[in-house]
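> Could you have a look at this structure, given as structure tokens, before my questions?
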Amino acid sequence: MRIALCNEVVAGLPFVEQARLASGLGYAGLEVAPFTLDAEAPHLLPAPRRAELRRIAEAEGAPITSLHWLLVAPAGLSITSADPTLRGRTLDVMERLIGLAADLGATLLVHGSPKQRQVEADGDAARAEEAMARAGAWAAQHGLTYCLEPLDAGQTNWARTVAEAVGIVERVASPGLKTMLDVCAAGHGEAEAADVLLRRFIPAGWIAHVHLNDRNRRGPGQGSDRFAPVLRALTETGYAGFCAVEPFDYHPDGPTSAARAIGYLSGIMESL
């Protein structure tokens with residue numbers, strides 16, 4: 001189990017300083033939100049820039065492990081829309097982002113993007129599931145994993161629990177498609193604790209990634225959620241993937257939030 005930092009936490013810094021800070025604090029890598037690389041069209045990032053970002057991250061000791069917040073840019077995307085033009089545009093972006101992940105050296109993509117997956121009419125859920133099937137197939141072609149992220153009902157009305165996401169992944173049956181667990185979302189939307197869910201679904205092979213954040217939207221150690229049970233469950237189930245620290249409220253600022261989180265988590269890991 002290794003801990004990465006979601007780069008939007010320190011997105012105000014140049015990319016080289018993001019990687020340097022993450023490495024210096026003890027993170028094993030960076031999980032990158034594509035919109036931090038290009039606010040309008042990150043899926044079209046030129047090949048030389050992709051190679052440069054990968055080189056920088058690896059040289060600084062914080063290689064790019066994964067991508068998340070996939071459909072924030074370009075604006076207006078949707079995996080549920082019945083509009084063929086919009087759907088084609090969205091699927092094209094998804095396929096290109098998978099190529100971007102491969103070029104950056106990542107092994108995994110996290111599909112959260114709640115505003116781009118709202119179910120409002122008949123057929124919307126089926127279209128969302130079919131988009132996941134395509135993404136899983138594209139990811140498998142690159143040797144990557146595409147993770148459908150369960151998000152609570154306050155954020156979306158599709159794939160709101162780990163069990164719902166597992167059902168989708170099981171029906172799609174693609175080796176490139178898995179699910180994951182976000183501790184904050186689980187705290188708001190699951191009937192069971194995060195560690196209980198991890199103990200059930202990791203041995204079955206469904207969970208390929210974990211986001212570490214408190215249900216108050218701050219980093220681990222900055223709220224009432226206790227992360228020792230979560231890390232113990234990951235250790236005892238033999239989880240060998242990455243966990244990414246993903247606060248949304250950077251208190252008192254991004255670098256301090258990042259430092260507080262890794263210090264807190266490292267202390268727990270040493271005691272296990």
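The values are calculated or read from the model by the stated rules, or taken from the named source; none is laboratory data. Quick caveat, the model's predicted, so the values are computed rather than measured. Reconstructed Cβ throughout: ideal geometry from the backbone, glycine too, with neighbour counts over all protein chains shown. With ligands, DNA and RNA removed, areas are computed over all heavy atoms of the protein, side chains included. Shrake-Rupley method; radii C 1.70, N 1.55, O 1.52, S 1.80 Å.
> What label, among [x] 1, 6, 12, 15, 16, 14, 12, 9, 7, 4, 2, 1, 0; [y] 1, 6, 13, 18, 20, 18, 13, 7, 2, 0, 0; [z] 1, 5, 9, 13, 15, 14, 10, 7, 5, 4, 4, 4, 3, 3, 2, 1, 1, 0, 0, belongs to P(r) over Cα pairs in 5 Å bins from 0, in percent computed from the structure on display?
Only one option fits the structure, namely [y].
> Local charge sum around LYS178 (other residues, Cβ-Cβ under 13 Å, Lys/Arg +1, Asp/Glu -1)?
Result for the local shell: -2.
> Once you list every other residue whose beta carbon is under 13 Å from the beta carbon of ASN7, what net charge do they have if Lys and Arg are +1 and Asp and Glu are -1?
Summing Lys and Arg as +1 and Asp and Glu as -1 gives -4.
> Calculate the spin-label point distance for LEU272 paired with ASP38, positioning each point 7 Å from the Cα along the beta-carbon direction, and give it in nanometres.
Placing both labels 7 Å beyond Cα along the Cβ direction yields 3.8 nm.
> Would you mind telling me the share, in percent, of accessible area of the chain contributed by carbon and sulfur at probe 1.4 angstrom?
Roughly 51 percent, rounded to a whole number.
> Right, something else. Segment 245-272 to segment 50-73: how many Å between their Cα centroids?
Computed from Cα coordinates, the inter-centre distance equals 20 Å.
> Apply the Karplus parameterisation 6.51 cos²θ - 1.76 cosθ + 1.60, with θ equal to phi minus 60°, to every residue of segment 227-239 and state each ³J(HN,Hα) to the nearest whole Hz, in sequence, with x for glycine and proline.
My calculation for segment 227-239 gives 9, 4, x, 5, 5, 5, 5, 5, 5, 6, 8, x, 4 Hz in order.
> On to the next question. Using modelled backbone amide H atoms (1.01 Å from N, in-plane), which distant-in-sequence or interchain residues come within less than 5 Å of CYS147's amide H?
LEU109, VAL110, HIS111, LYS178
> For the chain, modelled as a Gaussian network with Cα springs under 10 Å, which listed residue fluctuates most, ALA204, ALA125, ALA28?
Among ALA204, ALA125, ALA28, the largest GNM mean-square fluctuation belongs to ALA204.
> Highest mean first, what order results for 83-93, 173-183 on Cβ atoms within 10 Å?
Result, highest mean first: 173-183, 83-93.
> Please list, in order along segment 196-203, the HN-Hα scalar couplings obtained from phi with the Karplus expression 6.51 cos²θ - 1.76 cosθ + 1.60 (θ = phi - 60°), rounded to whole Hz, x for Gly and Pro.
3J(HN,Hα) across segment 196-203, in whole Hz: 5, 5, 4, 5, 7, 9, 5, x.
> A further question follows. Please give me the summed charge of the neighbours of ILE207: other residues whose Cβ is under 10 Å from its Cβ, Lys and Arg +1, Asp and Glu -1.
Every neighbour counted, the sum reads +2.
> Tell me, what HN-Hα J-couplings in whole Hz come from the Karplus equation 6.51 cos²θ - 1.76 cosθ + 1.60 at θ = phi - 60° for each residue of segment 178-189, using x for Gly and Pro?
9, 10, 7, 9, 9, 4, 4, 4, 5, x, 9, x
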